1. What about residue 209, is it hydroxyl-bearing (Ser, Thr, Tyr), within 24 Å of the chain's Cα centre (by Cα) and modelled with pLDDT of 85 or more?
2. Give me the residue from region 53-90 that is of a type in the set (Gly, Ala, Ser) and under 16 Å from the mean Cα position of the chain (by Cα) and, out of that set, surrounded by the most Cβ atoms within 10 Å (Cβ to Cβ).
3. Consider only pairs whose beta carbons are under 7 Å apart and that are at least six residues apart or on different chains; among these, list those whose first residue lies in region 76-89 and is among the aromatic types (Phe, Trp, Tyr) and whose second residue is at pLDDT 90 or above and not in a helix (DSSP H, G or I).
4. Give me a count of the residues in region 186-208 that are in a helix (DSSP H, G or I) and surrounded by 17 or more Cβ atoms within 10 Å (Cβ to Cβ).
Amino acid sequence: MDTFRKSFLSRLNLTIWILLILVLIILLQNTLAEEISIGHAIPRNLRGDLEIALTNQIWLGVKILVLVPIILFWLLDRRRMLRRALVVSLALLTIELLVSVAFLTISLASDTSRQAVGLIRDTIAVGLINILVYSLWYWVIDAEPILDRPTIPKPSDFLFPQYGLSTPKFAHWQPGYVDYLFLAFTTTTAFGPTDTLPLTHRAKLLMLTQALLSLIIIVVLAGRALSILR
């Protein structure tokens with residue numbers, strides 16, 4: 001009974017982290033200006049007579065709806081299905097992130113001083129979304145609590161410095177969400193790995209994509225927004 005209780009509390013803590021970060025990303029994306037929203041990326045012939053605002057609301061409903069199976073699979077302790085539901089949710093959020101960065105970049109051709117405050121606000125929001133989305137991607141592909149229980153140990157996607165420490169305190173150390181959040185933050189600010197190295201192709205591709213987005217957001221968008229104010 002005590003083992004079940006500890007397992008349940010561990011899973012509860014895990015799911016709360018997942019849901020909080022997913023909800024935070026959705027809220028941040030919902031604050032972005034309509035001009036850089038996902039609705040503009042959907043061709044008129046596909047969305048028909050739907051207005052862009054209504055298209056955005058439908059997209060928001062889809063993102064929220066995907067949270068339901070995440071909760072369900074957690075309650076049933078179906079780790080493989082939980083991972084798949086998380087991948088679907090993150091894929092939707094990543095698509096919107098890419099669209100937002102693309103439209104932000106395009107909008108620079110017609111920006112004015114009057115739009116500078118909104119541009120800076122959207123740039124900061126997109127930068128935060130970039131960090132949070134990729135922190136969850138790193139966690140989903142590498143974190144032990146949401147992986148299936150393998151008969152053969154799975155090689156890690158990331159080489160954390162704690163793995164090389166011989167002190168008893170880190171003998172059975174496993175990374176938590178904060179470690180992946182720090183990894184995503186340092187990848188954003190340094191445009192690449194710092195203390196933690198990617199070991200697999202998927203980890204390297206994810207870090208490459210995040211670093212590229214970070215380069216666009218920080219150097220191009222933030223630099224342009226500040227230059228408008230001068």
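1. Values: hydroxyl-bearing (Ser, Thr, Tyr): yes; within 24 Å of the chain's Cα centre (by Cα): yes; modelled with pLDDT of 85 or more: yes.
Against the criterion (hydroxyl-bearing (Ser, Thr, Tyr), within 24 Å of the chain's Cα centre (by Cα) and modelled with pLDDT of 85 or more), residue 209 qualifies.
2. The first filter runs over region 53-90 and keeps only residues of a type in the set (Gly, Ala, Ser), leaving 53, 61, 85, 89.
Now drop any that are not under 16 Å from the mean Cα position of the chain (by Cα), which leaves 85, 89.
Details: 85: 21, 89: 24.
Step by step, filter region 53-90, then rank; the result is 89.
3. Taking only residues 6 or more apart or on different chains, not a single pair turns up.
4. The initial filter retains those residues of region 186-208 that are in a helix (DSSP H, G or I), namely 186-190, 201-208.
From the residues that got through so far, the ones that are surrounded by 17 or more Cβ atoms within 10 Å (Cβ to Cβ) too are 187-188, 203, 206-207.
Here the count works out to 5.
The values are calculated or read from the model by the stated rules, or taken from the named source; none is laboratory data. A quick note: this is a predicted structure, and the numbers were derived from the prediction, not measured. Backbone-built Cβ (ideal geometry, glycine too); neighbour counts: all protein chains shown.
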